[in-house]
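K.L.:
Here you go, one structure.
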Amino acid sequence: MVTITSSMKAEKIVYNKEKIGHIIREIIIWRLPDKTKERPHGLKYRLYYGDDKGNCFVRYDNETGKSDHRHYGDIEENYKFTSVTKLILDFFRDIERINRRRK
């Protein structure tokens, strides 16, 4: 039996963080050295929109053990990842929806 392990580390491919007043928007996407069952696209990500008091309005992530999912307020649901572009567009659409409701 041969086991191949990668010595490569995850590579950060997207990073953007903005804070306007008390609101934080952060996007972090890493390319992993290997694809896994939980991350068949070979990416690890966290897209967060909330305030600096820890109130999360929306978050997309794929933490270990949960695969791709979205937190929208108090609701957590599966997310169908298809591409980085669509992930970011979906995140910004949610931010727009949240901001319309907050006005």
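K.L.:
How about segment 1-50: which of its residues are acidic (Asp, Glu) and either modelled with pLDDT of 95 or more or touching a strand residue (DSSP E or B) at 6+ places or on another chain (Cβ under 6 Å) (or both)?
P.N.:
Of everything in segment 1-50, those that are acidic (Asp, Glu) and either modelled with pLDDT of 95 or more or touching a strand residue (DSSP E or B) at 6+ places or on another chain (Cβ under 6 Å) (or both) turn out to be 11, 18, 26.
For every residue, the table says whether it meets (1) within 10 Å of the chain's Cα centre (by Cα); (2) among the basic types (Lys, Arg); (3) surrounded by fewer than 17 Cβ atoms within 10 Å (Cβ to Cβ).
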position	(1), (2), (3)
34	no, no, yes
41	no, no, no
48	yes, no, no
53	no, yes, yes
59	yes, yes, no
65	no, no, yes
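K.L.:
Out of 73, 65, 54, I need the residue that is of a type in the set (Gly, Ala, Ser) and under 20 Å from residue 29 (Cα atoms). Which one?
P.N.:
Of 73, 65, 54, the one residue that is of a type in the set (Gly, Ala, Ser) and under 20 Å from residue 29 (Cα atoms) is 65.
K.L.:
In this structure, is residue 24 of a type outside the set (Lys, Arg) and surrounded by 13 or more Cβ atoms within 10 Å (Cβ to Cβ)?
P.N.:
Answer is yes for this residue.
K.L.:
Is it the case, given these coordinates, that residue 79 is out of contact with any helix residue (DSSP H, G or I) (no Cβ under 6 Å at 6 or more places or on another chain), free of Cβ contacts under 8 Å to residues at least 24 places away in the same chain, under 19 Å from residue 13 (Cβ atoms) and among the aromatic types (Phe, Trp, Tyr)?
P.N.:
For residue 79, the condition - out of contact with any helix residue (DSSP H, G or I) (no Cβ under 6 Å at 6 or more places or on another chain), free of Cβ contacts under 8 Å to residues at least 24 places away in the same chain, under 19 Å from residue 13 (Cβ atoms) and among the aromatic types (Phe, Trp, Tyr) - is met.
K.L.:
Spot the failing condition for residue 91; the list is (1) buried (at least 16 other Cβ atoms within 10 Å of the Cβ); (2) without any contact (Cβ under 8 Å) to a residue 40 or more places away in the chain, and only one is missed.
P.N.:
(2)
The values are calculated or read from the model by the stated rules, or taken from the named source; none is laboratory data. Just so it is clear, the model here is predicted, and its values are computed rather than measured. In this analysis, Cβ positions are derived from the backbone assuming ideal geometry, glycine residues included, and neighbour counts consider all displayed protein chains.
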